[in-house]
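First comes the structure, then the notes that go with it.
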Amino acid sequence: MIGQHDTSISTRGAHFAFTDRWGGVSAAPYERLNLGGAVGDDPAAVRANRTAAAESLGLDPALVVWMNQVHGRDVAVVDGPWPSPEPGQSPEPGTAAGIPAVDALVTTRRGLALAVLTADCVPVLLADPVAGVAAAAHAGRPGLVAGIVPAAVGAMVARGAEPSRITARTGPAVCGRCYEVPEAMRAEVADAVPESWSETSWGTPAVDVAAGVHAQLAALGVADRHRSEVCTLESADHFSYRRDRLTGRLAGYVWLGAS
């Protein structure tokens, strides 16, 4: 059971979903549907939340692939979940045991769901159902500059996807009116992606990561793009690291149905 404010959309055989914070079993400050396993929450609660979220989407929880996200540009191509941890390794969901440090996943396996965790960063879900290729990417400010989104699209294209056929959806994230940064940082990010330049609602330097992501996608030829209007910092229904620091994680899921 995922929260009532999330988005679950299917189009042309591709499925996209974003969670909010409600409907799970985690206690404060992670209440309630925390899906992040490396934020200090009870591992049993995270497992229960991940199972509930997957089942509410009609997914087998065992066929959801997670990442060890590090704000980089590395992409992993997967055809199944990661191997179970060896004896003595931590079984906690979301830990690094057995999971490589990447910020994007790509698959050609239908029915395999790719998941991305966020709490202000931009979750990017991509799919070309004709080619049978899907991807999920974690785009924070460093990942935007590093080029994680072009890297993910490039990995899809290498497996038969065409940018003109790709559907892209970005989920709830901190907006450009709220993501305050030092002037030098805004200049650095805007140097790499000019469209990310922003200003807070109170007139100070800011970065709009989602705008930067969509500009990168447009430059790559991805025209079918959809951006969530939810700002995680402003929304009490979503986790926000910038607002609360100690908090849970939202998830975005993408998968391809049967051809």
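Summary of values
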read-out	value
Per-peptide average of other Cβ atoms within 10 Å, ordering 159-165, 134-140 highest first	134-140, 159-165
Exposure proxy order (Cβ contacts within 10 Å, fewest to most) of Thr167, Thr11, Thr200, Thr247	Thr11, Thr200, Thr167, Thr247
Percent antiparallel among DSSP beta bridges (both partners in the stretch 33-184, rounded to 5)	70 percent
Residue exposure sequence - Trp255, Trp197, Trp82 - by fewest surrounding Cβ within 10 Å	Trp82, Trp197, Trp255
Fraction of beta bridges assigned by DSSP in the chain that are antiparallel (%, nearest 5)	75 percent
Estimated [θ] at 222 nm from DSSP helical runs (n ≥ 4, -39500 (n - 2.57)) normalised by residues in the chain, nearest 500	-6000 deg cm²/dmol
Ordering of 218-224, 103-109 by packing [mean C-beta count within 10 Å, highest first]	103-109, 218-224
Per-pair calculated FRET efficiency, R0 = 25 Å: Ala27 and His226 via Cβ, rounded to 0.05	0.15
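A short reminder: the numbers here are calculations on the coordinates, not readings from a lab. These numbers come from a predicted model, not from an experiment. Please note: Cβ atoms are built from the backbone with ideal geometry, for glycine as well, and neighbour counts cover all protein chains shown.
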